[in-house]
Amino acid sequence: MVLTRHGDAMALEEFLVTRVVEVVLHGLDLADALERGAWTSRPALEAVADLLFSAGPGAFGPETLEAVRAATGRALPGRPGAEALEAAGVRFLALG
């Protein structure tokens, strides 16, 4: 168990997943701001997708990055938005 800075107890595995989510999503924000390609690793991206989607691991294949972008409000122009993911079993989380 890990005690968060807010005083909540979390299992270590869940705590580590939250850190991966932060790194992936903030990394996407930085890459977009710098107009560079995303530099997240495939395992980190899959961990975020597993948290967000009930479709199962690897369900989006090479489109996982775009699905994560859309589900977290980071869809790029010309890409599917969050609405398009509802049928795929997206669980929209409070990421604030």
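A short reminder: the numbers here are calculations on the coordinates, not readings from a lab. Here the structure is a predicted model, which is why all the values come from computation and not from measurement. Glycine also receives a Cβ, built like all others from the backbone with ideal geometry; neighbour counts cover every protein chain displayed.
Given a Förster distance of 30 Å, report the FRET efficiency between residue 14 and residue 35 from their Cβ-Cβ distance, rounded to the nearest 0.05.
Values: r = 34 Å, r/R0 = 1.12.
Here the calculated transfer efficiency is 0.35.
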Summed over the other residues with a beta carbon less than 9 angstrom from that of residue 64, with K and R at +1 and D and E at -1, the charge totals -2
Sorted on mean Cβ neighbours within 10 Å (highest first), peptides 16-22, 1-7, 36-42 come out as 16-22, 36-42, 1-7
